[in-house]
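**Student:** Here it is, the structure, as structure tokens.
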Amino acid sequence: MSRNKPSAKRLQRRIRPKRDEGSRVAAARESGWIYGLHTVSAALENPARKIRRLIATGEAAEKLLRAFPQSHPEKVERQEIDAALPAGAVHQGVALLADPLEQPALEDVIAGAGDSAVIVMLDQITDPHNIGAVLRSAAAFGALAVVQTERGTPGATGIVAKSASGALEAVPLVTVTNLARALDALQRAGFWLIGLDGEAKLTLAEIAPSGRTALVLGAEGKGLRRLTREHCDLLARLPTRPPIASLNVSNAAAVALYELARG
């Protein structure tokens, strides 16, 4: 199924920091670094990224220069990269400090949505690895955006970017204050709200949704909250078989997005 969606270059623009310099630097150390060859390469290809510093080991710098002759990586020892990143970060010898991308408002995403657009809604999913993996699947299967709530979610951290493997540059990660109001806005815009629920009577394939669709995913274990379920037009399940009753939320997202794209 083809997806009619606006370019990420139009949806994502540079953000202008509004903090004082001290807090800006602290925030940059917390989430401004992204790392890993795929993730950094995707950021270098994105003109919306405002790059502050690019560091790499000698070997990784050579790889970057072959792909991006104008990147001018600063060659450093691996220990310096380790010190700049969270403990255990798998950086493959390269890290990039950049301003975070300004993400569009949900209203802007809706305004640019085509007749068959798919938007992924996350209900209290807090694991940055899962959020990054959902972004990757969203990019692979043509979803227009991934939407999360402001409270209790990590934002576009380095872990999210690494898990997304470049998808953060292609798919907007939209933050809303209230998920229920966001779902109401999507309904008014003609989106079918389909929540994934392991106890639903029908599978997603049996529902076979068409037109604008919002796929609503709950946290692993807890599932969708009651209010979120009540806002959904339909609940659907994936045809899992015993002894595995459910999938990790990022795996469920990949299967569901594939089913929507296939349909």
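**Student:** Once a ≥ b ≥ c are taken as the square roots of the eigenvalues of the Cα gyration tensor of segment 128-187, is the result rounded (a/c under 1.5), prolate (a/b larger than b/c) or oblate (a/b not larger than b/c)?
**Tutor:** It comes out oblate by the Cα gyration axes.
**Student:** In whole percent, what relative contact order does the chain give with Cα contacts below 8 Å and a gap of six or more residues?
**Tutor:** 21 percent
**Student:** A further question follows. Rank-order 243-251, 176-184 by packing density, defined as the average count of other C-beta atoms within 10 Å over each peptide's residues, highest first.
**Tutor:** Ranking the peptides 243-251, 176-184 by packing returns 176-184, 243-251.
**Student:** Among Ala208, Ala170, Ala48, which one shows the biggest mean-square fluctuation in a GNM of the chain, springs joining Cα atoms closer than 10 Å?
**Tutor:** The residue that fluctuates most here is Ala208.
**Student:** Between the alpha-carbon centers of segment 67-120 and segment 215-257, tell me the distance in whole angstrom.
**Tutor:** Segment 67-120 and segment 215-257 have Cα centres separated by 28 Å.
**Student:** Turning to a different aspect of this structure: Enumerate the amide H contacts of Ala214 below 5 Å, restricted to partners 5 or more residues apart or on another chain; note that Pro and chain-start residues carry no placed amide H.
**Tutor:** For Ala214, the qualifying residues are Ile119, Trp192, Leu193, Ile194.
**Student:** A further question follows. Kindly put Val255, Val174 in sequence by how many other C-beta atoms sit within 10 Å of each C-beta, fewest to most.
**Tutor:** The most exposed by this proxy come first: Val255, Val174.
**Student:** When a/c is below 1.5 the answer is rounded, else prolate if a/b is larger than b/c, else oblate, so apply that to segment 106-262 with a ≥ b ≥ c taken from the square roots of the Cα gyration tensor eigenvalues.
**Tutor:** rounded
**Student:** I need the GluC sites (Glu not before Pro) found in segment 42-79, filtered to DSSP loop residues with at most 12 other beta carbons within 10 Å of theirs.
**Tutor:** Answer by residue number: Glu77.
**Student:** Once a ≥ b ≥ c are taken as the square roots of the eigenvalues of the Cα gyration tensor of segment 187-232, is the result rounded (a/c under 1.5), prolate (a/b larger than b/c) or oblate (a/b not larger than b/c)?
**Tutor:** Because a/c hits 1.5 or more and a/b fails to exceed b/c, segment 187-232 counts as oblate.
**Student:** Short version: ³J(HN,Hα) in whole Hz for each residue of segment 150-155, in order, from phi by Karplus 6.51 cos²θ - 1.76 cosθ + 1.60 (θ = phi - 60°), x for Gly and Pro, what are they?
**Tutor:** Karplus-based 3J(HN,Hα) across segment 150-155 equals 5, 7, x, 10, x, x Hz.
**Student:** Test of understanding: in a Gaussian network model of the chain with alpha carbons linked when under 10 Å, which of Ala105, Ala113, Ala138 would top the mean-square fluctuation ranking?
**Tutor:** Ala105
**Student:** Next question, about the same structure. As a footprinting exposure proxy, order Ser163, Ser116, Ser210 by other Cβ within 10 Å, with the fewest listed first.
**Tutor:** The fewest-first ordering by Cβ neighbours comes to Ser210, Ser116, Ser163.
**Student:** What does the charge dipole of the chain about its Cα centre add up to, to the nearest 20 debye, if the Cβ of each Lys and Arg holds +1 and the Cβ of each Asp and Glu holds -1?
**Tutor:** 360 debye
**Student:** Relative contact order of segment 37-136: what whole-number percent is it, with Cα pairs under 8 angstrom and at least 6 residues apart?
**Tutor:** Relative contact order for segment 37-136 comes out at 30 percent.
**Student:** Name the residue, out of Pro239, Pro104, Pro73, whose mean-square fluctuation peaks in a Gaussian network model built on the chain with Cα pairs under 10 Å.
**Tutor:** Looking only at Pro239, Pro104, Pro73, the largest GNM fluctuation is found for Pro239.
**Student:** Residue by residue through segment 72-81, which ³J(HN,Hα) values in whole Hz follow from phi under the Karplus form 6.51 cos²θ - 1.76 cosθ + 1.60 (θ = phi - 60°), with glycine and proline marked x?
**Tutor:** Per residue, the Karplus-derived 3J(HN,Hα) values read 6, x, 8, 7, 9, 7, 4, 4, 5, 5 Hz.
**Student:** In terms of modelled amide H atoms, which long-range or inter-chain residues lie less than 5 Å from the amide H of Thr203?
**Tutor:** Here the answer is Arg237, since their amide H atoms fall under 5 Å of that of Thr203.
**Student:** Over segment 86-177, what is the relative contact order in percent, taking alpha-carbon pairs closer than 8 angstrom and at least six residues apart?
**Tutor:** Answer for segment 86-177 is 34 percent.
**Student:** What's the exposure ranking of Thr157, Thr39, going from fewest to most Cβ atoms within 10 Å?
**Tutor:** Thr157, Thr39
Here, each number is a calculation from the coordinates, and none is a lab measurement. From a predicted model like this one, the values you see are computed outputs, not experimental measurements. Every residue, glycine as well, gets a Cβ built from its backbone with ideal geometry; the counts of neighbours run over all protein chains shown.
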